[in-house]
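Remarks on the structure that follows.
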Amino acid sequence: MLFIFTALYCEAYPFIQYYHLKKDVSQTRFQVFKDKEEQILLAVTGVGTVAAAAAIGSVCTQYHADKNDFLINVGICAGKEEKGKIFLGNKIIEAETGKTFYPDLLYCHRFTEAEIITSAKACSKTESYNSEFLYDMEASAVYQAGNYFFGPHRMVFLKIISDDGNPKDVTLEDAKSLVAKNLEKIAEYLHRLSAISQMEGQKKAVFQSADKITEKICRDMHCSCVMAASVRQYIYYLALSGKDYMSLIEEMYIEKKLPCKGKREGKNCFEEFKRRLL
């Protein structure tokens, strides 16, 4: 599943329309929207680090985020580039503490990369504004809270420039239109991430099925720890390659090769097991 988090409803609205998301009325703490297939979940966190961290923790716990899912943080930011340009964060700096965080950018993308500074208050040109960075109010908290549920390679930070240090000039309608302007590009990337997530989920199901039969075979074959590890690797390999290993195993039970009477018989059975599978 893709877990999309925005600070404002106006930032979320283009996604709600594009993916036909429906509000989950059972969620009372934050606004949460899901698609019919439950492959996309979007939550509106509210502005600031405290709100963002609370939303990540609550939503990811309630909806059982795991290592096969992705977290995507999308929102407007301040920066020197042209208004409306979108960036992918490759480094996040927490202004108050100086801590730095590095999302792992393992997957192909078409975005320009940039460093993000997260501050508890909106960036202003009158303060320590550095034109080399993007400025937002949630990314560092999203990363730290999200790290309890996702790996660094499963968190994505997409920021769209809305102003150059004059946040009062940005309206809610501006924020909505800026996200909508970049939606096709974002959706293309999300489609790729969704495919990866689903593929990982399928692998997980395959491994779970393989683990069940592995446990039974190892017990009936009186396997040592080393033999059991070898059996598991053979079955994983065959499961991922799509071979019908179950029929071969069933034949061994039909022929009374399994279950074995003891460890010595189990060792002989193990050798035959390898020959038949490979």
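Within segment 130-153, count every residue that is at pLDDT 95 or above and assigned to a helix (DSSP H, G or I).
8
Among all residue pairs at least 6 apart or on different chains, which show Cβ distances below 7 Å where the first residue, located in segment 45-64, is assigned to a loop (DSSP other than H, G, I, E, B) and the second is small (G, A, S)?
Every condition considered, the pairs that remain are T45/A7; T45/A51; T45/A52; T45/A55; G46/A7; G46/A55; V47/A7; G48/A120.
Condition first: hydrophobic (A, V, I, L, M, F, W, C), closer than 19 Å to P152 by Cα, within 20 Å of the chain's Cα centre (by Cα) and surrounded by fewer than 21 Cβ atoms within 10 Å (Cβ to Cβ). Can you find one or more residues in segment 17-36 that meet it?
The answer is no; no qualifying residue exists.
Please verify whether I213 is assigned to a helix (DSSP H, G or I) and not charged (D, E, K, R), treating the condition exactly as stated.
Considered against the rule, which asks whether it is assigned to a helix (DSSP H, G or I) and not charged (D, E, K, R), I213 comes out as yes.
Condition first: free of Cβ contacts under 8 Å to residues at least 60 places away in the same chain and in contact with a helix residue (DSSP H, G or I) (Cβ under 8 Å, 6 or more places away or on another chain). Can you find one or more residues in segment 76-94 that meet it?
There is at least one residue in segment 76-94 that is free of Cβ contacts under 8 Å to residues at least 60 places away in the same chain and in contact with a helix residue (DSSP H, G or I) (Cβ under 8 Å, 6 or more places away or on another chain).
Restricting segment 206-253 to residues that are of a type in the set (D, E, K, R) and within 20 Å of E265 (Cβ to Cβ), which is surrounded by the most Cβ atoms within 10 Å (Cβ to Cβ)?
D220
Working only within segment 214-237, note down all residues that are in contact with a Leu (Cβ under 6 Å, 6 or more places away or on another chain) and not hydroxyl-bearing (S, T, Y).
D220
Name the residue that is modelled with the lowest pLDDT, counting only residues in segment 108-129 that are farther than 19 Å from K91 by Cα and of a type in the set (S, T, Y).
T126
The values are calculated or read from the model by the stated rules, or taken from the named source; none is laboratory data. Only a predicted model underlies this, so the values are computations on that prediction, with no experimental measurement involved. Neighbour counts are summed over all protein chains in view; Cβ atoms, including those assigned to glycine, are modelled from backbone coordinates with ideal geometry.
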